[in-house]
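Nothing in this text is a laboratory measurement; each read-out follows from the coordinates by a stated rule. All values derive from a computational prediction rather than experimental measurement. As a convention, Cβ positions derive from the backbone with ideal geometry for all residues, glycine included, and neighbour counts pool all protein chains shown.
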Amino acid sequence: MKIFLDTADIEEIRTAARWGILDGVTTNPTLYAKVGGSYDDVVKEICGITSGPVSAEVIADDVEGMLAEGRHFAKLAPNIVVKVAMSENGLEAISRFAEEGIKTNCTLVFSTNQGLLAAKAGASLISPFVGRLDDINQDGMTIIRELAEIFSIYDIDSEVLAASIRNPLHVTQAALAGAHIATVPFKVLQQMVHHPLTDKGIVQFKKDWESARAAAAARSATKS
Ligand code: G3P
């Protein structure tokens, strides 16, 4: 499963890239609002850090507006994926982008049927929001599992991107459910790295190493 970072924060993206585990980035208006500046500049900078897909989201509600914004994003860098919210107009825009060879990520997907329609319209990435479904007492991971199975049965090229990931368990569950990609906040990525026994073990090994060195130094001082 590929791992994308769900952020517009450049330092977080640089850090994940240095760790060697970054396959792409997703942004949205909420994440952009946290960093500010020019959205074009932020997206271009992200595309300079990763060669993987970078999602930039259109805001227009009408098809022509979505197309204008998406075509503009697509010119910013070769790895841009235009993010389009699920809707009747969104499906039309996704289908037009597909004809133009522009990759899309259909976002705000909350049902398997929405995901199936987005794939049929030609979206490269389909983003079910797992955490927001869990928030309303529906199992978000069911959509991931069903879409992964349907895409496999019908040999559909679209990739299932588990979004709205809130904790490390979601990442494991998404991988087991067959998600092609999980996009995760930086905090969740850090939580995935750490385990209390790992951190405790590192401290203990360092302490034992220092004790052993001190004992060796004391022995050699006694001999001379
Ligand atoms: O990728 C979509 C994601 O940013 C939404 O996450 O936590 O706001 O539901 P959340």
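When the Gaussian network model of the chain links Cα atoms closer than 10 Å, the mean-square fluctuations of Leu197, Leu108, Leu116 top out at Leu197. Of Arg18, Arg213, Arg145, the residue with the greatest mean-square motion in the GNM of the chain, using alpha carbon springs below 10 Å, is Arg213.
Legend: calculated FRET efficiency, Ala68 to Asp41, from the Cβ-Cβ distance at R0 = 22 Å, rounded to 0.05, equals 0.70.
Over the chain, consider all pairs of different Cα atoms and compute the Kirkwood hydrodynamic radius from their mean reciprocal separation; express it in Å, one decimal.
19.0
Can you give the local net charge around Thr172? Use residues other than it whose beta-carbon is closer than 14 angstrom to its beta-carbon, Lys and Arg +1, Asp and Glu -1.
Working: positive: Arg145, Arg166; negative: none.
So the environment of Thr172 carries a net charge of +2.
Cβ neighbours within 10 Å, averaged per peptide: list 99-107, 4-12 in order, most packed at the top.
4-12, 99-107
Simple point charges give the picture: +1 on the Cβ of Lys and Arg, -1 on the Cβ of Asp and Glu, and for the chain a dipole about the Cα centre of about 1540 debye.
In straight-distance terms, cross-link reach from Lys187 covers every one of the lysines whose alpha-carbon lies under 24 Å from its own, apart from those fewer than eight places away in the same chain; here that gives Lys2, Lys34, Lys44, Lys83, Lys200.
Ranking Phe97, Tyr154, Ala217 by Cα position along the charge dipole of the chain, where only Lys, Arg, Asp and Glu carry charges on their C-beta atoms, puts Ala217 farthest toward the positive end.
Tell me, what is the FRET efficiency for Lys187 and Ala218 to the nearest 0.05, using R0 = 41 angstrom and their Cβ-Cβ distance as r? Working shown, then result.
Details: r = 44 Å, r/R0 = 1.08.
With R0 = 41 Å, the Cβ-Cβ based efficiency is 0.40.
Here the Gaussian network model covers the chain, with springs between Cα atoms less than 10 Å apart; of Pro53, Pro185, Pro29, Pro29 fluctuates the most.
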